[in-house]
1. Tell me whether region 109-130 contains one or more residues that are among the basic types (K, R), surrounded by fewer than 16 Cβ atoms within 10 Å (Cβ to Cβ) and in contact (Cβ under 8 Å) with a residue 24 or more places away in the chain.
2. For D64, all conditions in the list (1) surrounded by fewer than 16 Cβ atoms within 10 Å (Cβ to Cβ); (2) in a helix (DSSP H, G or I) hold save one; what is the number of the exception?
3. Checking the structure you have, find out if any residue of region 276-287 is among the aromatic types (F, W, Y) and surrounded by fewer than 20 Cβ atoms within 10 Å (Cβ to Cβ).
4. For region 253-266, name all the residues that are part of a loop (DSSP other than H, G, I, E, B) and either more than 13 Å from I161 (Cα to Cα) or free of Cβ contacts under 8 Å to residues at least 60 places away in the same chain (or both).
5. So for region 53-65 (the condition being closer than 26 Å to S281 by Cβ, assigned by TED's automatic domain parsing to the domain that holds E142 and touching a Lys or Arg at 6+ places or on another chain (Cβ under 8 Å)), does at least one residue qualify?
6. What pairs come up if the first residue lies in region 20-31 and is closer than 14 Å to G178 by Cβ, the second is of a type in the set (A, V, I, L, M), and their beta carbons are under 7 Å apart, counting only those six or more places apart or on different chains?
7. Does L252 qualify as being at pLDDT 95 or above, touching a Phe, Trp or Tyr at 6+ places or on another chain (Cβ under 8 Å), surrounded by 13 or more Cβ atoms within 10 Å (Cβ to Cβ) and farther than 30 Å from A135 by Cβ?
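The values are calculated or read from the model by the stated rules, or taken from the named source; none is laboratory data. All values reported here derive from a predicted model rather than from experimental measurement. Ideal geometry is used to build each Cβ from the backbone, glycine not excepted, and the neighbour counts take in all protein chains shown.
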Amino acid sequence: MRLDKAIVETHPDFSRSRIEGLIKSGYVTVNGVEAVKAGMKVDADDEIEVEIPPPVPAIPEPEDIPLDVVFEDEDVIVIDKPAGMVVHPAPGHFGGTLVNALLHYLPSLADIGGVARPGIVHRLDQYTSGLIIVAKSMKAMENLAKAFSDHKSVEKTYLAICHGTPRLQAGRIENMIGRHPVDRKRMAILERGGKRAVTNWKVERSLNNGARLVECRIETGRTHQIRVHLASLGLPIAGDKTYGKSVLDKLLDPVPERQMLHAWKLKLWHPVKGVPMEFVSPVPADMKVYL
């Protein structure tokens, strides 16, 4: 029997899409091992456990949280996001997000796009700092969503502090990235499935204790893309708890408390006015200490 059909028998009120979402998010185990896909075969004596995540509030609440506004007009706002801030509410992070802060700063944003992620067209990981652009009008939302989906008229450049000595000093890595087949909270380079991911990288210079300053310009925006790609090149990002090397982190002074990844530059065309825009975010203090 298929796993999703077995779950329907014990949870008849669950839709097929919800079951698939729970499996993809790592909330379903078979005999203590995270399920890989909805169509996997299970036997009658297999032990299937389904964890129900806490519900996310349908409408995020405005919160008075300071924002570092880099640019703003009637259509867009560019924010320099600090490390540690989640972009939008999700299980485990219902408040204190960028969306909560934006709804306080711009109450009208609630009418732009979906209620759970108003104005949001791209994301940064919680512990990645740097530039993010948010739509303030529906026209800007539609055009930005298309631009980020096409990956043709948006240029995003990151800085990372990495460990390791790569074979080359620069290159272009292209492959397929998707959910790790066993650990659903991680991403991985896959032989089959996944989505195309492209990162252009170069080592800017060597730092202390074997660290490197690496510049990455991405052509696609997959989840954890830069972190996965650099780790696969033998350049794990310092402080990365998921894909990094904690033993090497201890060689740095101070020991990094988060992944040393920063969304440094953002170049794109204004989604309504059609003029070129370019923004640069200063390297944050917790990264600058190593430079």
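1. No, that holds for no residue.
2. (2)
3. Checked against the condition, which is being among the aromatic types (F, W, Y) and surrounded by fewer than 20 Cβ atoms within 10 Å (Cβ to Cβ), region 276-287 yields at least one hit.
4. D253, P254, V255, E257
5. Within region 53-65, the first condition is being closer than 26 Å to S281 by Cβ, and the residues that meet it are 60, 62-65.
The next check asks that each one be assigned by TED's automatic domain parsing to the domain that holds E142; those that pass are 60, 62-65.
From what is left, the residues that are touching a Lys or Arg at 6+ places or on another chain (Cβ under 8 Å) are none.
For region 53-65, residues closer than 26 Å to S281 by Cβ, assigned by TED's automatic domain parsing to the domain that holds E142 and touching a Lys or Arg at 6+ places or on another chain (Cβ under 8 Å): absent.
6. Hits for this filter: I23/A35; I23/A38.
7. yes
Results for (1) closer than 23 Å to I173 by Cα; (2) assigned by TED's automatic domain parsing to the domain that holds T128; (3) among the aliphatic types (A, V, I, L, M), shown as yes or no for each residue.
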{"position": "A197", "(1), (2), (3)": "yes, no, yes"}
{"position": "S206", "(1), (2), (3)": "yes, no, no"}
{"position": "R212", "(1), (2), (3)": "yes, no, no"}
{"position": "R222", "(1), (2), (3)": "yes, no, no"}
{"position": "L248", "(1), (2), (3)": "no, no, yes"}
{"position": "G274", "(1), (2), (3)": "no, no, no"}
{"position": "P284", "(1), (2), (3)": "no, no, no"}
